[in-house]
Number of protein chains: 2
Amino acid sequence: MPSVAAIEVLAEPNRRRILDLLRGGERPVGELVAQMTLTQPAVSKHLRVLKDAGLVDVRAQAQRRLYRIRPEPLAELDAWLAPYRSLWSKRLDDLERHLAQKEP
Amino acid sequence: MPSVAAIEVLAEPNRRRILDLLRGGERPVGELVAQMTLTQPAVSKHLRVLKDAGLVDVRAQAQRRLYRIRPEPLAELDAWLAPYRSLWSKRLDDLERHLAQKEP
DNA sequence: TGGCTATATACATATCTAGAGATATTCACC
DNA sequence: GGTGAATATCTCTAGATATGTATATAGCCA
């Protein structure tokens, strides 16, 4: 069970890219490959890492493998971030107040 | 200008640890070193990386350097995470509903 | 069965990075 | 000015990792 392992896996930009592509829903490997400047083995390897971290799930459909997001580890990452939120929320409040003032 | 560089910097567990320690407020390097199982140069190096990513700020006080959190990059990371939130919020709603049902 | 498609794995390599130890820098204080 | 304390930087090294090429595996269809 990886605690905040998601952040280590998602440090890799191509893996973030893959996840972004999967936000549109289930996708076969080939389609992911087509939208990235990486070879198929490289993409498969990233998918393996994502799967091991529980960030994606696979489903076989004939020779195809359909990948989709598993959001749980992202929720954990979000939880890790939570205690820090108060550090910037005040400034954001200030910003909102400032913007609201510009067009009353 | 690092877009989501924070996530790459925070992939390192010791750097997350440092940030956690700084949640308690400004700290000199020596104090951070004392609470970690790392040599002073190693901690200084991590602090350098954190500073380059804009995740911390330094302030000199005599020979001491007081480090503190700069929350902006964390806010960016939070923003990156935002589009994914809908993926798990439904399940969390379900969980909450389930829990609420157990003690009416 | 044979050939084609889709994906995964093996292997080799080049790059990156965290870490330790040693040294340099900066400041306070005598 | 000299000494000691606090921190930064330099150098080197061991380990990790992302990638490409080549190969294996598995399923469909004729």
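The values are calculated or read from the model by the stated rules, or taken from the named source; none is laboratory data. Just so you know, these numbers come straight off a predicted model, no measurement behind them. Quick reminder, even Gly has a Cβ in these numbers, built from the backbone with ideal geometry, and neighbours come from all protein chains shown. Side chains included, ligands, DNA and RNA excluded: accessible areas come from the protein's heavy atoms. Shrake-Rupley method; radii C 1.70, N 1.55, O 1.52, S 1.80 Å.
Throw me the Rg/Rh for the stretch B:5-102, computed over C-alpha atoms with Kirkwood Rh, two decimals. Present the calculation step by step, with values, prior to reporting the outcome.
Working: Rg = 17.7 Å, Rh = 15.3 Å.
Rounded to two decimals, Rg/Rh equals 1.15.
Taking amide H atoms as placed 1.01 Å from N in the peptide plane, list the residues 5 or more away in sequence, or in a different chain, whose amide H sits under 5 Å from that of residue A:70. Residues meeting the amide H criterion: A:56, A:57. Distances between equivalent label points of residue B:37 across the copies, with each point positioned 7 Å along Cα→Cβ, amount to 4.3 nm, shortest listed first. Note on surface exposure: B:37, A:39 rank B:37, A:39 by accessible area, highest first, 1.4 Å probe.
Here each label is just a point 7 Å from Cα along the line to Cβ, and for residue A:61 and residue A:48 those points are 2.4 nm apart.
Less than 5 angstrom separates the built amide H of residue B:11 from none of the residues sequence-distant by 5 or more or on a different chain. Sequentially through the stretch B:47-61, phi angles give Karplus couplings (6.51, -1.76, 1.60; θ = phi - 60°) of 4, 4, 4, 4, 5, 4, 8, x, 7, 9, 10, 10, 9, 8, 9 Hz, Gly and Pro residues having no value and appearing as x. Distance between the 7 Å Cα→Cβ label points at residue B:26 and residue A:79: 3.4 nm.
Heavy atoms of chains B and A lose about 2500 Å² of accessible surface on contact, summed over both sides with a 1.4 Å probe. Scalar couplings 3J(HN,Hα) for the stretch B:33-38, obtained by applying the Karplus form with A = 6.51, B = -1.76, C = 1.60 to θ = phi - 60°, are 4, 4, 9, 10, 9, 9 Hz; x denotes Gly and Pro.
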